[in-house]
Amino acid sequence: MEKLKQAVTEIAYGQNQAKFSNLHRSIIPFLSFASSLYGAVLCIRHSLYRSGFFSKYRLPVPVISVGNLTWGGNGKTPMVEFIATRVADYGISSLILTRGYAGGDEAKMLKRHLLGGPVKVGVGANRAATANLAFEKYGYVDCRGGKFFERTDLDPKMGSRINSQKIGAVILDDGMQHWSLCRDLEIVMINGLMPWGNCKLLPLGPLREPLTAIRRADIAVVHHADLVSEHKVKDIELVVQDIKESLPIFYTRMALSYFFEPRNISTKIHLEALHDAVVLCVSAIGSPDAFVQTVEKIGPLFVDRIDFCDHHSFEIEDIHMIRKRLRQVEDKSGYKPIVIVTEKDYDRDPEILKHLHPFQVFVLCSEMQIIPRKGYNEDSFKSLLKELLQV
């Protein structure tokens, strides 16, 4: 199954076309048919929403949607966390709505990062129902236009706690294709390393919608902009501006912070611990190239890698395979390698990584930062949020 998923990814992003195997060539007709079928269903779904046959639900607070047009690696979840913390700076408690896809690794990471703060995380496929449950539990306040609407049917015994936790904004994680919920601000994330692939719809290509869907966006964000050439960034800008010329484009990167070990997550390990070390990058994320390039920038002596498909849950068989590779790297280099994983991989199953002992496992922590470019920076981004929330 992993080989099949890898082959589909290589076809979607046009990787090594000259080296396509019989497996690649044999599945292309099936992927092409499925892509046409997907496009037809997408078109019908759009029509049903436009005609009003499918209704859209509006929440009583501002809704910020963070989504993307291609699968994985676009920085949606880091952007959701980035927005939630900036909204909190204005004294507004936000509710993050996430589907909890594939074991909910992203939701788990958000909860761990935001634990003890004013941000709530709601997990569920029915985002409206999840939001309403949170409103019933915490209450809500609408700050738009200076008007405040508060729930009155809550338990009066919880008054003071609810007053300090009322939800003032909703952040929709992976919301661009979740059309049943109205939004006040639409942010589309773009992976700078792999923006559009072969420009085909799923599953022949990586697109969840045609590129013309960019017209619905209020903000575009090019993620991993620090890892790509100026020429490539300009190419992305041209594509976006050709579709919607007035769309503001921001640029982001993942700034490295520190490592921690799965056996002791409270201890922060400095990035310099990787200097002159031999490492094995193990990841099951949407953009493993970005992860590996980031690790290489830290300055290890040698970097090897094992890539799994996005959201893959590590099994004991995988651990055996990783241990085998570690022994091979150790024999070849003469150094005991360190395993580096992402936070998402850790949160998917914190216990399984402990089975790699006695090899050290470091979890790489990072946070999203906006790269100033063409007059767009963090201040202007926060201004857009402030304008929306009318604080």
Exercise. Could you please let me know if L207 is farther than 16 Å from I249 by Cβ, of a type outside the set (V, I, T) and touching a Leu at 6+ places or on another chain (Cβ under 6 Å)?
Key: yes
Practice problem: Within the stretch 187-218, track down each residue that is free of Cβ contacts under 8 Å to residues at least 60 places away in the same chain and buried (at least 21 other Cβ atoms within 10 Å of the Cβ). | Solution: G192, A217
Practice problem: Among the residues of the stretch 113-131, write down those that are surrounded by 15 or more Cβ atoms within 10 Å (Cβ to Cβ) and not β-branched (V, I, T). | Solution: H113, L114, P118, K120, G122, G124, R127, A128, A131
Quiz item: Is it fair to say I11 is hydrophobic (A, V, I, L, M, F, W, C), surrounded by 12 or more Cβ atoms within 10 Å (Cβ to Cβ) and under 28 Å from the mean Cα position of the chain (by Cα)?
Solution: yes
Quiz prompt | Matching option when the condition is surrounded by 19 or more Cβ atoms within 10 Å (Cβ to Cβ) and either farther than 20 Å from I285 by Cβ or hydrophobic (A, V, I, L, M, F, W, C) (or both), among I340, I352, I371 | solution = I340
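Looking only at the stretch 88-136, count how many residues are of a type in the set (D, E) and either farther than 28 Å from S266 by Cβ or not assigned by TED's automatic domain parsing to the domain that holds D174 (or both).
First, the residues of the stretch 88-136 that are of a type in the set (D, E): 89, 105-106, 136.
From what is left, the residues that are either farther than 28 Å from S266 by Cβ or not assigned by TED's automatic domain parsing to the domain that holds D174 (or both) are 136.
Total meeting the criteria: 1.
Would you call D242 outside any strand (DSSP E or B), modelled with pLDDT of 95 or more and at negative phi? Talk me through it step by step, then tell me what you get.
Numbers: outside any strand (DSSP E or B): yes; modelled with pLDDT of 95 or more: yes; at negative phi: yes.
For D242, the condition - outside any strand (DSSP E or B), modelled with pLDDT of 95 or more and at negative phi - is met.
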Quiz prompt | Lone unmet requirement of (1) outside the structural domain of C199 (by TED's automatic domain parsing); (2) polar (S, T, N, Q); (3) without any contact (Cβ under 8 Å) to a residue 60 or more places away in the chain for S35 | solution = (3)
Self-check item: Members of the stretch 100-124 found to be over 20 Å from Y138 (Cα atoms) and assigned to a loop (DSSP other than H, G, I, E, B), listed by number
Solution: G100, G104
Quiz item: In the stretch 278-296, what count of residues is obtained for those that are of a type in the set (S, T, Y) and within 13 Å of the chain's Cα centre (by Cα)?
Solution: 1
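Pick from P300, P350, P358: which is free of Cβ contacts under 8 Å to residues at least 24 places away in the same chain and assigned to a loop (DSSP other than H, G, I, E, B)?
P358
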Quiz item: Hey, H275 hits all of (1) within 30 Å of S380 (Cβ to Cβ); (2) in contact (Cβ under 8 Å) with a residue 24 or more places away in the chain but one; which does it fall short on?
Solution: (1)
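The values are calculated or read from the model by the stated rules, or taken from the named source; none is laboratory data. Here the structure is a predicted model, which is why all the values come from computation and not from measurement. Don't worry about glycine lacking a Cβ; one is built from the backbone with ideal geometry, like all the others, and counts go over all protein chains shown.
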